[in-house]
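Have a look at the structure below before the remarks.
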Amino acid sequence: MKVELMPSKGITIDDTIIKLGDNIQNIKLNEESGHYGHDYYFCDSCLHLATDKKGKIKEITCFCGLNDCLEVYLKQYNLSKLEVEDAVKVINTILEEEVVLTENNSSYDWEKSRVYAWQEVTKEAAEELLKESIQEGVYENMKEDIERDIERSKYFSVITIR
């Protein structure tokens, strides 16, 4: 399912515009996966809308990693399919803003545009797991998980507007 980011504002999904500050009761998507307190989930739980006490949307999170159902676009670029380094360059250029990284390099924040991205597994963590499993002689037992982590480390897992 295609999601178009509107930095600082919201998203478009299935011809539905969802903006920060909208009332959650006015959101009409094909399916709601469930809601818990102030958190609402749609699209097989790949779209998360967090609300304040008044029901106003304060954060929109798109799960777009491997095996997730959303593809997140900014302009014509599918951020779900671009490797992190390329996605960061594209976002920096389009938003005309430099990213701020966390200490562990897994979180990316474009503060002015209110866009945030996260990697479930960083390239460094995947490489470390590979190295350790070989040194400890358990690579063959962990091969499937390691290969999955290496693939996941290439892409964003989550992209949020807040």
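The values are calculated or read from the model by the stated rules, or taken from the named source; none is laboratory data. These numbers were taken from a predicted model, which means no experiment stands behind them. Cβ sites come from the backbone with ideal geometry, for glycine too, and all protein chains shown count toward neighbours.
Quick notes on this structure:
- Considering each residue of the range 80-93 in turn, none proves to be surrounded by 19 or more Cβ atoms within 10 Å (Cβ to Cβ) and either on the phi > 0 side of the Ramachandran plot or touching a Lys or Arg at 6+ places or on another chain (Cβ under 6 Å) (or both).
- Leu66 meets all of the listed conditions (1) at pLDDT below 95; (2) of a type in the set (A, V, I, L, M); (3) farther than 27 Å from Thr122 by Cα; (4) touching a helix residue (DSSP H, G or I) at 6+ places or on another chain (Cβ under 9 Å) but one, namely (3).
- Condition check for Thr12: modelled with pLDDT of 95 or more, of a type in the set (S, T, N, Q) and surrounded by 18 or more Cβ atoms within 10 Å (Cβ to Cβ): no
- Scanning the range 1-39 for residues that are outside any strand (DSSP E or B) and either under 16 Å from the mean Cα position of the chain (by Cα) or under 30 Å from Asn92 (Cβ atoms) (or both) yields Met1, Pro7, Ser8, Lys9, Asp14, Asp15, Leu20, Gly21, Asp22.
- Glu32 vs. criteria in contact with a strand residue (DSSP E or B) (Cβ under 6 Å, 6 or more places away or on another chain) and either at pLDDT 95 or above or crowded, with 17+ Cβ neighbours inside 10 Å (or both): no
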